[in-house]
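Working notes for the structure below.
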Amino acid sequence: MHHGNPFSENFRISRIIVIFTAITCCVLLIIFTRLIRPYELPHKNLIAFLFLAIALSMVGLVLLIARQSAEKDKAHSKKENKDYWNEAHLRALLNAAPDAIFITDGTGTIHIANALAEKWFGYRKDEFVGKKVEMLVPEHLRQAHIEHRNRYNQNPSTRIMASGTELVGIRSDGSEFPMEVSLSPSMFGGELWITASVRDITLRKEMELAKLHAQTRLSELVTNLPVGVFRICDSDLAHFQEVNPAMVTIFAAQSASQLLASSLESLFFDHKDWSTYTARMAQQFHLNSLEFRFRRLNGEDFFGFLTIAANTINGETVYDGILEDITERKQQSERIGTLNKDLERRKTQLEQINQELESFSYSVSHDLRAPLRAMDGFSSTLLTDYQDQLDERGRDRLLRIRSAAQRMATLIDDLLNLSRVSRTEIAWTPANLSELANGIINDLRQANPERKMEVKIQPDMQVKGDVRLLGIALTNLFNNAWKFSGKTSNATIEFGCERQNDQTVYFLRDNGAGFEMEYAGKLFGAFQRLHDIGEFPGSGIGLATVQRIIHKHGGRVWATGEVNKGATFYFTLKS
Amino acid sequence: MNSKTILLVEDNPDDELLTLDALKANHVGNAVIVARNGVEALDYMFGTGKFSGRDVTDQPAVVLLDLKLPKIDGLEVLHLIRADERTKFQPVVILTSSNEDEDRIRGYKLGANSYVRKPVDFDEFLKAAGQLGLYWLLLNQPPPHY
């Protein structure tokens, strides 16, 4: 605070000096009178008087000076009221300012800096004072700043923030920030003083940049959009005012300007569409995804969805819209339509075929059996009613007819079962394979009470599947095991499950006739038989049916075997 | 056996003959009336057409009904028998070649008393005919006149 407030400071100091001198004189007088009292000195009283006179005159002088200074103070405070008694207030105001404030003299030397100046630039107040303002700008800008300052000094004027130059400031830690500076010159005591307000505009800069980026992104978006974006202005409803590149592409124009020059009417393929468009625009000022047929500049036509909304920009009405070329989509939906029709037709065909198959199966089941029944039945009556007239050979031939008829009946039933399995939709429910197996074994035991058979069935094999179909599959497998161990003593059937490669594998093992492994692959084909009919009767359809059922359950079926040792059939089910 | 009749509805002459043979072999001496299509069967039941004037209070002990019949099929015949007050309790046994689930379900839905599949094996057929005769002519008590 050197030049800050010279008046008030001087007065205070002179007052203190005068009072101090007066007190000193009084003290000296007292000391002196005490000191000389014991001595007999000539003119002792004169000397004391002299001292007293000096002291009194000093007091008088003090009073005079005090009065003078009080008068001066009074006069000054009248004249420069604010500067004088609001100095602390002024300082508080400076510190409360929203900007960093520096007061410099004409040489650019900083005399005063406020609190924000300390905060933003990272210096203490006393680090500013006496330094050139160039300390606040980065090294490479300092020379230019000096020149700038000198130019300003030649013609100092108030330069407010709005017209302020954007400068770069440097903090004590070397970091830089954008700042805006306004300057106001003042003359005081014949000297030029400059008040500089500095504002940190980092945030504003960032916002401006963000806004610019957003605008850029938005315009990039419009430019890159694959749909046509356009603007029509109220003052010229016959032309586009702005179009994006997609519009140029859609209309097959050479350039945007070519498209802008084309009349909107010419871009509608049908006049009817143009009428609709103008009518709708006149009524509602907007369109929502209306389909029109347009004409490209090369004469081609295309279908497009048009959406338009009215906006007011700077008091003028504009119509912003998007146009989507739907030619491809239309073609696709036409293709899908054709495909769907095709599919529908095929579905109907398939349903017809299925229906025919159903009625065919029904006929087979019903009509093919009747003649067989006649063959068997009449052979039987012949055998009974004419047994006297038939010799051994005749009876044998009739028996053969009966046996053939019955075999064919079984064959028909098996075939029907197989086709039924294929047609059946699986009804997934919980199923207990162990229970199913026990039931089948009971039936077999009842049908063949003479057979001795050891059966081991693992209890509680719970699965998910179609109970009826699984029953048919197990019946076929157990029938096979039962049949092929018919000539085995100590015949044993074992049904259980085991874990193989993280999968439950069910198996049915017998110690019967078995089969040669080289034919294992043929086991599951329809009408495939590995044994003579005379030896083990059967249609050769059972295992084919088993395979179809297991496949329908998402599982696999396979078998291992050895002649006269037995066979094991394995299957899995979808878990 | 009693004097009750049996109505056999059967279009196939072979099956008709076999059924008659089987019943005879089982010593079922009751009169067997044969209807060769659905219309004839209904005429017999309701005393119409070929059977007009018949005393319809005297109904057969059992109707052995084939499903696949000319003109009106077996299930339709069953439906009409059940729909008529006079015959709604008439014992009807479906005797057919079909073992289609659908036929069995529809047969029972329409109120069939039994569903018997004609076996190809005549020995089995004999057994079936014997049991049917025994059951429906002797064992079963028909509904009283109503």
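The values are calculated or read from the model by the stated rules, or taken from the named source; none is laboratory data. The structure displayed is predicted, hence computed values, not measured ones. Backbone-built Cβ (ideal geometry, glycine too); neighbour counts: all protein chains shown.
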Can you say whether A:R420 is within 14 Å of chain B (Cβ to nearest Cβ) and in a helix (DSSP H, G or I), as far as the supplied structure shows?
yes
So which residues in region A:537-566 are assigned to a helix (DSSP H, G or I) and more than 16 Å from A:G521 (Cβ to Cβ), if there are any at all?
A:G542, A:T545, A:R548, A:I549, A:K552
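Residues of region A:244-256 being of a type outside the set (S, T, Y) and either farther than 12 Å from A:D320 by Cα or at pLDDT 95 or above (or both), which ones? Even if it seems obvious, please write down each step before you answer.
First, pick out the residues of region A:244-256 that are of a type outside the set (S, T, Y): A:244-248, A:250-254, A:256.
Answer for region A:244-256, where residues must be of a type outside the set (S, T, Y) and either farther than 12 Å from A:D320 by Cα or at pLDDT 95 or above (or both): A:P245, A:A246, A:M247, A:V248, A:I250, A:F251, A:A252, A:A253, A:Q254, A:A256.
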For region A:443-462, how many residues meet the condition of being outside any strand (DSSP E or B), modelled with pLDDT of 90 or more and polar (S, T, N, Q)?
2
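Can you tell me which residue in region A:366-399 is nearest to B:E100 (Cα to Cα), limited to those that are of a type in the set (D, E) and facing chain B (nearest Cβ under 8 Å)?
Top of the filtered list is A:D367.
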Taking the conditions exactly as written (part of a loop (DSSP other than H, G, I, E, B), of a type in the set (A, V, I, L, M), over 21 Å from A:I541 (Cβ atoms) and more than 8 Å from chain B (Cβ to nearest Cβ)), does A:A431 satisfy them or not?
no
Taking only region A:14-56 into account, find how many residues are modelled with pLDDT of 65 or more and either within 60 Å of the chain's Cα centre (by Cα) or closer than 30 Å to A:D105 by Cβ (or both).
2
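One line per residue, one yes/no per condition, for (1) touching a strand residue (DSSP E or B) at 6+ places or on another chain (Cβ under 9 Å); (2) among the acidic types (D, E); (3) at pLDDT below 90:
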site: A:G299; (1), (2), (3): no, no, no
site: A:T327; (1), (2), (3): yes, no, yes
site: A:E334; (1), (2), (3): no, yes, no
site: A:D342; (1), (2), (3): no, yes, no
site: A:Q387; (1), (2), (3): no, no, yes
site: A:D391; (1), (2), (3): no, yes, no
Please state which of the following conditions A:V455 fails to meet, knowing it meets all the rest: (1) over 60 Å from the mean Cα position of the chain (by Cα); (2) over 20 Å from A:G496 (Cβ atoms); (3) of a type in the set (A, V, I, L, M).
(2)
If I filter region A:221-241 for residues that are in contact with a Lys or Arg (Cβ under 8 Å, 6 or more places away or on another chain), closer than 17 Å to A:M281 by Cα and in the same structural domain as A:S262 (by TED's automatic domain parsing), do I get at least one hit?
yes
Between residues in region B:20-36 that are more than 14 Å from chain A (Cβ to nearest Cβ) and residues that are among the small types (G, A, S) and not in a loop (DSSP other than H, G, I, E, B), which pairs lie under 7 Å by C-beta distance while being six or more apart or on different chains?
B:V28/B:G133; B:A35/B:A41
Among the candidates A:E127, A:E191, A:E118, which residue alone is crowded, with 16+ Cβ neighbours inside 10 Å and either of a type outside the set (A, V, I, L, M) or in contact with a helix residue (DSSP H, G or I) (Cβ under 9 Å, 6 or more places away or on another chain) (or both)?
A:E118
Kindly indicate whether B:D43 is closer than 24 Å to B:R104 by Cα, surrounded by 15 or more Cβ atoms within 10 Å (Cβ to Cβ) and of a type in the set (D, E).
no
The correct count of residues that are over 24 Å from A:T223 (Cβ atoms) and at pLDDT below 90 in region A:287-297 is 2
Is it the case, given these coordinates, that A:L183 is in contact with a Lys or Arg (Cβ under 7 Å, 6 or more places away or on another chain) and under 30 Å from A:S157 (Cα atoms)?
yes
For the condition in a loop (DSSP other than H, G, I, E, B) and surrounded by 17 or more Cβ atoms within 10 Å (Cβ to Cβ), what is the one hit in B:D11, B:D21?
B:D11
Out of (1) more than 14 Å from every other protein chain (Cβ to nearest Cβ); (2) in contact with a Gly (Cβ under 7 Å, 6 or more places away or on another chain); (3) not aromatic (F, W, Y), the odd one out for B:M45 is which?
(2)
Total residues in region A:364-412, condition surrounded by 17 or more Cβ atoms within 10 Å (Cβ to Cβ) and acidic (D, E):
1
Total residues in region A:483-492, condition more than 15 Å from A:T568 (Cβ to Cβ) and not basic (K, R)
3
If I ask for residues that are surrounded by 13 or more Cβ atoms within 10 Å (Cβ to Cβ) and either touching a residue at least 60 places away in the same chain (Cβ under 8 Å) or not hydroxyl-bearing (S, T, Y) (or both), which ones from region A:489-502 would you list?
A:A491, A:I493, A:E494, A:F495, A:G496, A:C497
Write out, first by first residue and then by second, each pair whose Cβ atoms fall under 6 Å of each other, whose residues are 6+ apart or on separate chains, and whose first residue, in region A:446-467, is over 23 Å from A:A431 (Cβ atoms) while the second is assigned to a loop (DSSP other than H, G, I, E, B) and modelled with pLDDT of 95 or more.
none
So B:T57, is it more than 14 Å from the chain's Cα centre (by Cα), touching a residue at least 60 places away in the same chain (Cβ under 8 Å) and more than 14 Å from chain A (Cβ to nearest Cβ)
yes
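If the requirement is being within 15 Å of A:A370 (Cβ to Cβ) and in contact with a His (Cβ under 9 Å, 6 or more places away or on another chain), which of these qualifies: B:T57, B:T96?
Exactly one of B:T57, B:T96 is within 15 Å of A:A370 (Cβ to Cβ) and in contact with a His (Cβ under 9 Å, 6 or more places away or on another chain), namely B:T96.
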Among what's in region B:103-141 and is in contact with a Lys or Arg (Cβ under 8 Å, 6 or more places away or on another chain) and away from chain A (no Cβ under 13 Å), pick the residue that is farthest from B:R86 (Cα to Cα).
B:Y115
Residues of region A:307-363 being of a type in the set (A, V, I, L, M), over 33 Å from the mean Cα position of the chain (by Cα) and surrounded by 15 or more Cβ atoms within 10 Å (Cβ to Cβ), in sequence order, are A:V318
